[in-house]
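**Q** So that we are looking at the same thing, I have put the structure below in structure tokens.
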């Protein structure tokens, strides 16, 4: 287990070398150092994971250094390695190493490659610090580290105002969640007297039913702590209410989207809830909140995803929806199923993002699917990779025979929700099944718009002004008139013909495709089987063997429901985009208000603009004009400087330089002082 130190700190060392060396060491050296370090970390992570699968490894803690010693607060920097950590190690290092390699091709023309690769490695180090944390303070260090690195990566193209705005939005929204997370850590230390995660989890059952004072009330201790911690998870994992940063994060380069949305930052919240699952198990209220927030997020993101036209935004909302699945799985007590979906999702979502990047690369950075079409013959390798990812996310499989990755993990979540027998679980199963139908629809919609139909890109012989409705020249997505229109290609694509990506981009797609196809089948026994799961997790999270037994006893119609809704979603997409494209125009016309509502993303941004953004700007303008300009600048520092200048000119006249003048002034001063003293 001593290799854990290399796994964690090699990316940091690579980030320092590439970041400080920058152009002095050149693009190739920076890429070699960072990519090589990540592949070494990946190669060292898989044996640890396999050892836990085989039962030949035990949980261990590797000390690094003594960190904080302040009164009762004693914190050592140590790396905890158990089954839960092992899962996250392979997820983070595998996806990150492939993203590094993929970026060789995708970022080949960027002049700031050393800086980009340094940011990628720094991001990976922060995430590794988070998942190996043995204390809440160390987890918070990694938590804030990925927040910083995501800000740097989303705003990497800082010359774009939209990228800067997206980076600031991600940073600010996450600070809201992190405030709740920090309060949860403070409260946990107050209650348990320690920030050591093993000590907190061991003492959690003893705090069940106790109360604590908060905001002038007596509330359940564990409910309060868990809800505060969960607010942090909501921000980091983009749950409903704190989700608004996630779609805008698409302003970063596509490899960044794959890294943030597939395996690292957005899964941190799910990991934290599973790591602290013994705490959450002490509060039924907290678990219900987690369930309802998760299912609401799954539904919200799926409904918005069906009308998006930007290929990356479709996949971004898909990520948001899948995170909702993970949370409501945790909410019903199926933490193993939540982590299993996190594991499989990392492969097929990274595959979809990097596949989308390959399409964007082929189309000269055009991201609007309405300007695609008929690309399967132009970029066949990318096409088949995207097909593998789509089969995985939609959960295609044959019960008891074979299934793609999502077939095992998503079905396990829905079956766990039903088997829980609780009201939140039943609602989660129903809403989750409907969200699965929408997932199938928008996933196949993406495939059909991108790779099938007539070519709608410049240089093709089938440029059509309208395939699904009336022609709109650059339809305005913000006004809700674009999901059924296909416009002429933008100027950026003129004169370019689609082309397959270089091998540095195709090799990661091929490797991730293997994970999308086989990860579910290969590991579902270890993650969610009643006996195998209990053996594998080994106490690293709360594993309910009774619930895992119960999912095998659910009615057959429950097991078939995910497949049924997947087929329905596929057929709707096929009918509206392949068989009868004109049908979509009629549907949009008949549901104009609903369509506008979805295009506006349930008006969350507009509501937040009215409630938070505009008042904040008004307050800022008030302090600027009335405070800075009319008060401080009038009397201070400009006004003060003027007064000092005038005073200097007056007093300078008293400085004659003659000794007798100074003696006279001193004498007059002494006389005045003596007179004052005698009168007193």
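**Q** What order do you get for 376, 370, 614 when you list them from fewest to most C-beta neighbours inside 10 Å?
**A** Starting with the residue having the fewest Cβ neighbours, the order is 614, 376, 370.
**Q** Take the range 606-679, compute every pairwise Cα distance, and split them into 5 Å bins from 0; I just need the percent in each bin.
**A** The calculated distribution, bin by bin, is 3, 13, 9, 9, 9, 9, 9, 8, 6, 6, 5, 4, 4, 3, 2, 0.
**Q** Using the Kirkwood formula on the Cα atoms of the range 37-178, what hydrodynamic radius do you get, in angstrom to one decimal?
**A** Value: 16.8 Å, from the Cα pair sum.
**Q** Continuing with this model, one more query. Nearest 10 degrees, 0 to 90: what angle lies between the long axis of helix 335-362 and the longest principal axis of the chain (Cα atoms)?
**A** Computed tilt is about 90 degrees.
**Q** Over the Cα atoms of the range 267-382, how large are the radius of gyration and the largest Cα-Cα distance (Dmax), in Å?
**A** 17.2, 55
**Q** With label points built 7 Å along Cα→Cβ from the Cα atoms of residue 610 and residue 67, find their separation and express it in nm.
**A** The two pseudo-label positions are separated by 4.4 nm.
**Q** Something else about it: How big is the range 178-220 by Rg and Dmax over its Cα atoms, in Å?
**A** For the range 178-220, the Cα radius of gyration and maximum Cα-Cα distance read 10.9, 31 Å.
**Q** As a footprinting exposure proxy, order 303, 545 by other Cβ within 10 Å, with the fewest listed first.
**A** The fewest-first ordering by Cβ neighbours comes to 545, 303.
**Q** Right, something else. Rounded to two decimals, what ratio of Rg to Rh does the range 519-606 give with C-alpha atoms and a Kirkwood Rh?
**A** Looking at the range 519-606, the ratio lands at 1.22.
**Q** Where does each of 551-558, 44-51, 582-589, 565-572 land if you order them by average Cβ count within 10 Å, highest first?
**A** 565-572, 44-51, 582-589, 551-558
**Q** Before anything else, pin down the relative contact order of the range 229-299: Cα pairs under 8 Å, at least 6 apart, normalised by residue count, whole percent.
**A** 37
**Q** Apply 1/(1 + (r/R0)^6) to the Cβ-Cβ distance of residue 648 and residue 624, taking R0 = 30 Å, and write down the FRET efficiency to the nearest 0.05.
**A** Calculated transfer efficiency: 0.50.
**Q** When a footprinting reagent is the concern and you count Cβ atoms within 10 Å, what order do 662, 292 take, fewest first?
**A** By the 10 Å Cβ count, ascending: 662, 292.
**Q** Taking only Cα atoms, what is the 0 to 90° angle, nearest 10, from helix 311-331's long axis to the longest principal axis of the chain?
**A** Here the helix axis deviates by roughly 90 degrees.
**Q** Given a cut-off of 23 Å, what percent of all Cα-Cα pairs of the range 94-183 lie beyond it?
**A** 30
**Q** Let me ask you something else. Determine one quarter of the surface area of the Cα convex hull of the range 156-315, which equals its mean projected area, and express it in nm² to one decimal.
**A** So the Cα hull casts an average projection of 10.4 nm².
**Q** Once both axes come from the Cα atoms, what is the angle between helix 136-154 and the longest principal axis of the chain, in degrees from 0 to 90, rounded to 10?
**A** 80
**Q** Between residue 46 and residue 591, with labels modelled 7 Å along Cα→Cβ, what's the label distance in nm to one decimal, could you check?
**A** Modelled inter-label distance: 4.4 nm.
**Q** Also, quick follow-up: Based on the alpha-carbon set only, what is the convex hull volume of the range 197-239 divided per residue, in Å³?
**A** 85
**Q** Among 142-148, 409-415, 327-333, what's the highest-first ranking by average C-beta atoms within 10 angstrom per residue?
**A** 327-333, 409-415, 142-148
**Q** Could I ask something else about it? How large is the Kirkwood hydrodynamic radius of the chain, in angstrom, based on all distinct alpha carbon pairs?
**A** Hydrodynamic radius (Kirkwood, Cα only) of the chain equals 27.0 Å.
**Q** When the helix-only estimate is applied to the chain (DSSP H runs of n ≥ 4, each -39,500 (n - 2.57), divided by the residue count), what is the mean residue ellipticity at 222 nm, nearest 500 deg cm²/dmol?
**A** -22000 deg cm²/dmol
Read the figures in this text as sums done on the coordinates, not as results from a lab. Model, not experiment: these values are computed from the prediction. FYI the Cβ positions are ideal-geometry reconstructions off the backbone, even for glycines, and counts take in every protein chain you see.
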